[in-house]
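These notes are about the structure you will find just below.
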Amino acid sequence: MQLKRNSLFYIITLAAVGAVMVMVLQWGASLPVPEGVPAVAKAPSTAVHAASANALDAMWHGIAGHFQSPLAHLFVQLLVIIAASRVMGKVFTLLGQPSVIGEMAAGILLGPSLFGAVAPDAFAVVFPASSMESLKLLSQVGVCLFMFAVGMELEIGHVRSKAQTAVLVSHASIVFPALLGVILAYFLYSNLAAPGAKFTAFALFMGVSMSITAFPVLARIMQERGMTKTRLGGTAITCAAIGDVTAWNFLAFVVAFAQSTGVAGTVLNLLLLVLFMVVMIFVVRPGLPRWIGAARLGKDEPSGGVLATILCVVVAAALFTEVIGIHALFGAFLAGAIMPDTHGFRHKIAVRVEKFSSVLLLPLFFAFIGLRTQLGLLNDWAGWLVCLVIIVVATLGKLGGTACAARFAGMNWRESLQLGALMNTRGLMELIALNIGYDMGILSPRIFTMMVIMALATTLLTGPLLSFFGNRGKAPDGASLGTTS
């Protein structure tokens with residue numbers, strides 16, 4: 001009985017509403033059309049075309065028209081980029097390499113070097129020039145979120161426990177490759193710097209590009225090899241953490257110098273950066289646990305309000321460093337470093353942020369870098385020879401400087417060389433730095449391509465060199481041939 005009453009009420013309601021809507025539409029059709037010039041001239045609707053074509057042609061015309069919209073282009077790019085990143089990540093994992101290297105390679109393969117060369121028409125459809133700006137903005141958001149997650153992985157207490165050895169080794173792994181990069185820049189500046197770039201900015205940027213270590217990739221390599229609990233693993237993590245902070249501060253100085261018009265401008269930018277760091281470390285860091293609340297920090301699932309608070313801190317920090325001319329990612333990194341770790345709060349936030357950024361937004365950054373990388377620019381032996389020299393110099397400075405400092409600090413040669421191989425990992429962090437240099441007009445497309453190849457090559461060499469030095473340093477019975485002084 002109740003079902004019949006409900007059905008009758010439903011039918012009567014629909015009929016009444018429909019009748020009233022029809023009446024209003026009929027009355028409204030007789031109203032006078034508003035006068036004046038339309039604000040936006042509209043393109044002919046599909047109905048006009050349908051009048052002179054059959055329904056199927058009209059349907060395909062409508063689909064083709066909607067396919068040209070910016071949103072449709074973005075969805076197509078997301079599908080292509082994410083699929084290619086997953087496939088290449090799996091391939092490189094099967095080859096014994098971290099999946100992130102495959103994702104980096106996928107970005108280059110989707111660019112003009114392969115996709116654009118093999119299928120130029122399809123490449124123009126998927127990656128039209130008009131879509132590059134939106135792709136760039138989304139990729140920058142992804143990098144900022146990733147750097148926020150990297151900052152949360154930085155354990156200050158772990159750094160303090162091995163500070164003496166780690167500071168010596170990590171700074172040696174920065175100053176030696178930086179010196180070699182500056183020297184190399186002297187010979188490359190005239191032919192490979194971007195038009196109008198100052199030598200000082202180019203040389204400093206080459207130096208900082210040579211000295212960066214990819215902390216997240218290094219950590220993943222050690223996790224896959226079960227090295228995180230070993231003495232070598234702990235030293236490597238600590239050195240990479242200290243090196244990360246030092247190298248990014250070095251990069252911030254270079255960016256401030258390149259963006260300013262003189263010494264006074266550089267000093268002012270750096271003073272603003274120091275003020276920002278002081279506020280974040282001594283005001284925001286101790287204040288966050290109180291602002292969030294102990295009860296909320298202890299929950300297994302962060303609430304929407306907590307996530308909104310954290311995102312506001314990240315966005316505000318990134319905005320400030322972007323406005324003062326440093327770069328948004330520095331603010332995002334520091335925001336991650338000052339996050340409270342009570343009740344595993346960092347891990348809860350990192351799981352949510354890192355998964356979203358690494359699966360969806362970071363592949364966009366790799367693709368954007370790939371679209372800027374043009375292997376066709378290295379169309380002669382001289383170009384490839386310069387690229388090889390860059391790889392050798394980068395490896396010699398990073399691996400050699402780290403190994404010599406570690407040996408001086410008391411580690412045996414086997415572990416010293418393995419530590420050097422780990423610190424020679426550049427990966428994503430290098431690509432981020434290179435992208436900054438390209439955007440600032442310091443690196444030309446040709447040297448940018450060479451440096452991207454260097455970043456991939458040195459990262460690919462990490463695993464094989466790690467195994468090679470480990471095997472060479474062991475006697476037949478498994479004992480180490482090195483001695484610890």
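The values are calculated or read from the model by the stated rules, or taken from the named source; none is laboratory data. As the structure is a computational prediction, the values presented were derived from the model and not from experiment. Virtual Cβ from ideal backbone geometry, glycine too; neighbours counted across all protein chains shown. For accessibility, only protein heavy atoms count, side chains too; no ligands or nucleic acids. Shrake-Rupley method; radii C 1.70, N 1.55, O 1.52, S 1.80 Å.
Quick notes
- The one condition in (1) under 23 Å from N249 (Cα atoms); (2) touching a Gly at 6+ places or on another chain (Cβ under 7 Å) that Q418 fails to fulfil: (1)
- Pair list, Cβ under 9 Å, 6 or more apart: region 408-419 residue farther than 10 Å from L232 by Cβ and of a type outside the set (G, A, S), other residue open to solvent by 50 Å² or more (accessible area, probe 1.4 Å) and part of a helix (DSSP H, G or I): F408/L168; W413/R407; L417/R407; L417/F468; L417/R472
- Filter result for the condition that a residue is more than 23 Å from G401 (Cα to Cα) and either free of Cβ contacts under 8 Å to residues at least 12 places away in the same chain or of a type outside the set (V, I, T) (or both), over L192, L204, L179: L192
- Those helices (runs of 4 or more DSSP H) lying entirely in region 136-233 with at least 3 residues modelled with pLDDT of 80 or more: 163-192, 199-211
- Here R352, R372, R414 are screened, and the one residue that is touching a strand residue (DSSP E or B) at 6+ places or on another chain (Cβ under 9 Å) and of a type in the set (K, R) is R414.
- Filtering region 441-462 to residues that are farther than 14 Å from I390 by Cα and open to solvent by 10 Å² or more (accessible area, probe 1.4 Å) leaves G441, S444, P445, L460, L461.
- In the set (1) surrounded by fewer than 24 Cβ atoms within 10 Å (Cβ to Cβ); (2) modelled with pLDDT of 75 or more, the condition left unmet by V255 is number (1).
- On inspection, R290 does not qualify as assigned to a helix (DSSP H, G or I), touching a helix residue (DSSP H, G or I) at 6+ places or on another chain (Cβ under 8 Å), at pLDDT 75 or above and open to solvent by 70 Å² or more (accessible area, probe 1.4 Å).
- Residue check, V100 in contact with a Lys or Arg (Cβ under 8 Å, 6 or more places away or on another chain), among the β-branched types (V, I, T) and modelled with pLDDT under 85: yes
- Residue list for region 420-440, restricted to those being surrounded by 24 or more Cβ atoms within 10 Å (Cβ to Cβ) and either free of Cβ contacts under 8 Å to residues at least 12 places away in the same chain or of a type in the set (S, T, Y) (or both): T425
- Selection status of V245, open to solvent by 20 Å² or more (accessible area, probe 1.4 Å) and at pLDDT 75 or above: no
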